[in-house]
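Written out below as structure tokens is the structure these notes cover.
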Amino acid sequence: MTREPFGVGIVGAGPVVQAIHLPTLARLSERFVVRNIMDVNPDVAAAVAGRAGARPSSSIDELLADERVEVVAICSPSAFHAPQVIAAMRAGKRAVLCEKPFATDREQAELIAAASRETGVPVIVGAMHTVDPAWLAAIAEWEALGHEAHTIRSRVVLPPNARFETSATEVLTPRPASGLPDLDDPAVRAQMVFGGVLGLAVHDLPLIRRLLPAVDDIEVVSASALSPWGYEIGFTAHGRLVHAIGALTEQWRPTWELEVVSDEARMLLEFPPSYVHAGSATATITTDARAVRFGPYPHNGYEGEWLTLHAIASAGSAAAPPVDGLIDDLDFVLEVASAASETARQEATR
Ligand SMILES: NC(=O)c1ccc[n+]([C@@H]2O[C@H](COP(=O)([O-])OP(=O)(O)OC[C@H]3O[C@@H](n4cnc5c(N)ncnc54)[C@H](O)[C@@H]3O)[C@@H](O)[C@H]2O)c1
């Protein structure tokens, strides 16, 4: 390592920071040192910062005024992402990592893109599968061989988040227990599908977008909410079929798979569940002639996010992924979420 580790400021100190980012940064101590942690709840800021040996802040202005903070991770609830990303850019920090989704509508996404262009500060999104080394190796091979997907299946079956959060760390801010949603209400079903796409499918939709020839003619053919929490969605794009299931339930072994089928080949990606620090995904591309396996690699997608942030903070915005790609990913997510939730609402009222 030729330079000192970058000083990190973290905005929002909930379970994702405690169970995902702090353990990841601890493994990357040659590249990063956590300097400042801000939360609107000062007790949470103090407790989590104390654990990381960082200074606590109770406002983003206070964190951004800390000159030792060179890169910023925005890990607050989604509604606050856009203004906080923009504030970090305007404060002249070197780079920003924003948890997914980086905005909740296109207008906010465009404000981020405009601020990034104006300030020259790059931003990346915490969509860990997009930088998982097994995905990157397998998609390079898939594209080099010229395979064209006709069917894509995303299957995500996980226990509720709290189970893995508490396996990864002793969470200082356990989630309050939430009641079961009223699935007799079509509006609740629609909202569950919308939230499921923005919260869970969001990790794989950028991968799916890359596998489709284009996404300008999406047609949702079926969508429903699953009990106790989940979604099942079928849609087509340019004659290709995408089927996505996401469910949070204790009733099945954790599964996070993306299966891609072309006329000649099948690619299967098996990702570790969120919060699990156990190496990368694995991928297998199978044809009549052979099966080629990629991974597991030592680092996972969470480390991939921070390694990408390190690269762009070192090399400048020219090394960053184009911000327009992030907007296109978000557009795709919002379009699938809106169309699927409307279909789920209609199916529930039939
Ligand atoms: N990558 C993943 O695997 C993954 C998994 C789950 C959630 N997420 C994302 O991570 C982010 C954080 O998730 P979480 O589960 O920790 O969220 P959370 O809502 O449980 O906690 C966020 C923390 O932010 C604080 N906060 C609230 N408003 C704030 C503000 N305006 N400024 C600063 N802090 C504020 C809260 O007090 C809380 O401590 C979300 O954007 C979520 O979508 C990512």
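A few notes on this one:
- Some residue of the stretch 218-225 being in a loop (DSSP other than H, G, I, E, B), touching a Phe, Trp or Tyr at 6+ places or on another chain (Cβ under 8 Å), among the aliphatic types (A, V, I, L, M) and farther than 21 Å from Thr130 by Cα: yes
- Scope the stretch 5-16; condition buried (at least 21 other Cβ atoms within 10 Å of the Cβ) and over 12 Å from Cys75 (Cα atoms); matching residues: Phe6, Val8
Table: residues versus (1) buried (at least 21 other Cβ atoms within 10 Å of the Cβ); (2) away from the ligand (no atom under 16 Å from the Cβ).
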residue: Arg3; (1), (2): no, yes
residue: Gln18; (1), (2): yes, no
residue: Leu25; (1), (2): yes, no
residue: Ile37; (1), (2): yes, no
residue: Val40; (1), (2): no, no
residue: Ala49; (1), (2): yes, no
residue: Arg55; (1), (2): no, no
residue: Ile60; (1), (2): yes, no
residue: Glu70; (1), (2): no, yes
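- Filtered residues of the stretch 128-175 (kept if assigned to a helix (DSSP H, G or I), more than 13 Å from the ligand (Cβ to nearest atom) and modelled with pLDDT of 95 or more): Pro133, Ala134, Trp135, Leu136, Ala137, Ala138, Ile139, Ala140, Glu141, Trp142, Glu143, Ala144
- Single condition Gly316 does not satisfy, out of (1) surrounded by fewer than 19 Cβ atoms within 10 Å (Cβ to Cβ); (2) assigned by TED's automatic domain parsing to the domain that holds Pro186; (3) small (Gly, Ala, Ser): (2)
- Checklist (1) in the same structural domain as Ser317 (by TED's automatic domain parsing); (2) within 21 Å of Pro254 (Cβ to Cβ); (3) among the polar types (S, T, N, Q) applied to Thr119, failing item: (2)
- Residues of the stretch 248-276 satisfying the condition of being at pLDDT below 95 and out of contact with any Pro (no Cβ under 6 Å at 6 or more places or on another chain): Thr249, Gln251, Trp252, Arg253, Thr255, Pro272, Ser274, Tyr275, Val276
- In the stretch 72-81, the residues that are surrounded by fewer than 23 Cβ atoms within 10 Å (Cβ to Cβ) and among the hydrophobic types (A, V, I, L, M, F, W, C): Ala79, Phe80
- Neighbours by Cβ (under 7 Å, 6+ apart or cross-chain): first from the stretch 290-307, modelled with pLDDT of 95 or more; second part of a helix (DSSP H, G or I) and among the aromatic types (Phe, Trp, Tyr): none
- Residue pairs meeting the criteria (Cβ under 9 Å; at least 6 apart or on separate chains; first touching a residue at least 12 places away in the same chain (Cβ under 8 Å), in the stretch 250-271; second in a loop (DSSP other than H, G, I, E, B) and of a type in the set (Ser, Thr, Tyr)): Trp256/Ser274; Glu264/Thr287; Ala265/Thr287; Arg266/Thr287; Phe271/Ser280
The values are calculated or read from the model by the stated rules, or taken from the named source; none is laboratory data. Every value quoted in this text rests on a predicted model; they were computed, and no experiment measured them. Glycine gets a Cβ as well: all are built from the backbone with ideal geometry, and neighbour counts include every protein chain shown.
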